[in-house]
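The values are calculated or read from the model by the stated rules, or taken from the named source; none is laboratory data. All of these numbers come straight from a predicted model, not from anything done at the bench. In this analysis, Cβ positions are derived from the backbone assuming ideal geometry, glycine residues included, and neighbour counts consider all displayed protein chains.
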Amino acid sequence: MLIFSDISSIKSHLNKLKKEGNIIGFVPTMGALHNGHLSLIKKSISENNITVVSIFVNPTQFDNAEDLITYPSDIRSDISLLKSISNKIILFNPDSEEIYSDGVKSNQFNFNGIDKHMEGKYRRNHFQGVATVVNKLLSIVNSDNIYLGEKDFQQLRIIENLVFEKKINTKVVRCETLRQIDGLALSSRNSKLSFSSKKIATNLFKALNFAKEKFNTLDVIEIQKKVIEQISAHSEIKLDYFIIADEQKLEPSISKKNQKYRAFIAAYISGVRLIDNIKLY
């Protein structure tokens, strides 16, 4: 498996592969890889000649310094996992100085309003940081396809908007959320939870599933009220938000129109912030 840490070397290598007619798939990650990441990587391998995986914990998308410091990281384990899938994966593992050679700061982007609610409301400048690093990574990798999980659906929509507005020549491939048998969405942050906290965290999926089951029979306000009551019954859960929004603009809805909707939830469990969502159609 080829591993690059500097931009010039990986760009040179990938440009050569492109000229040879290879189709490149790209899976950006922040490491602490789990089966959810691996499913994206396997999909990319099945659909492209070359698959590039990046591992980079991006400092500009953290609004909490402690969260950045404690974010799980184990590059040796990550490399071992990647090798278990394929030795042909190309890994890009730069440091902050390489990515942010002109200083660690975010660029400013117009997201047409899809950043105003949910994560955008609770994590100041988070999506500016996400868009900044993804824009940089796409300019380096120059991939034909980029694979993103639906668990971070608002982030996925932000990147779709970035690709559209910047006219970046890559296709965004949406990939379904992978879950444990009990419904808990796979996340790198799960590694910070104890066994008992993981069991409590399954109530987030139960709440989302309730919203899906009742979406055609109850109005939005009633669903929101009942979900908040369900979550409030668990003192270990600190709810940030539960919102039903249309998939395109991600505007919170209080009534149903002829649109595709999702339910979104974010909460703290034992000091660990988890997010999840489910489509309601």
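Before moving on, here are some points about what is shown:
- Within segment 230-258, being farther than 20 Å from Gly120 by Cβ and not in a strand (DSSP E or B) holds for Gln230, Ile231, Ser232, Ala233, His234, Ser235, Glu236, Ser255, Lys256, Lys257, Asn258.
- Only listed residue being out of contact with any helix residue (DSSP H, G or I) (no Cβ under 8 Å at 6 or more places or on another chain) and free of Cβ contacts under 8 Å to residues at least 24 places away in the same chain, chosen from Lys198, Lys167, Lys214: Lys167
- Qualifying residue in segment 129-142 (condition: assigned to a helix (DSSP H, G or I), small (Gly, Ala, Ser) and within 16 Å of the chain's Cα centre (by Cα)): yes
- Test: residue in segment 98-112 that is out of contact with any strand residue (DSSP E or B) (no Cβ under 6 Å at 6 or more places or on another chain), modelled with pLDDT of 95 or more, among the small types (Gly, Ala, Ser) and closer than 22 Å to Val163 by Cα: yes
- Filter result for Leu82 (touching a residue at least 60 places away in the same chain (Cβ under 8 Å), surrounded by 17 or more Cβ atoms within 10 Å (Cβ to Cβ) and touching a Gly at 6+ places or on another chain (Cβ under 8 Å)): no
- Some residue of segment 85-103 being assigned to a loop (DSSP other than H, G, I, E, B), within 16 Å of the chain's Cα centre (by Cα), among the polar types (S, T, N, Q) and closer than 23 Å to Gln128 by Cα: no
- Qualifying residue in segment 38-50 (condition: modelled with pLDDT under 95 and in a loop (DSSP other than H, G, I, E, B)): no
- Thr177 being closer than 18 Å to Val53 by Cα and either in contact (Cβ under 8 Å) with a residue 24 or more places away in the chain or part of a helix (DSSP H, G or I) (or both): no
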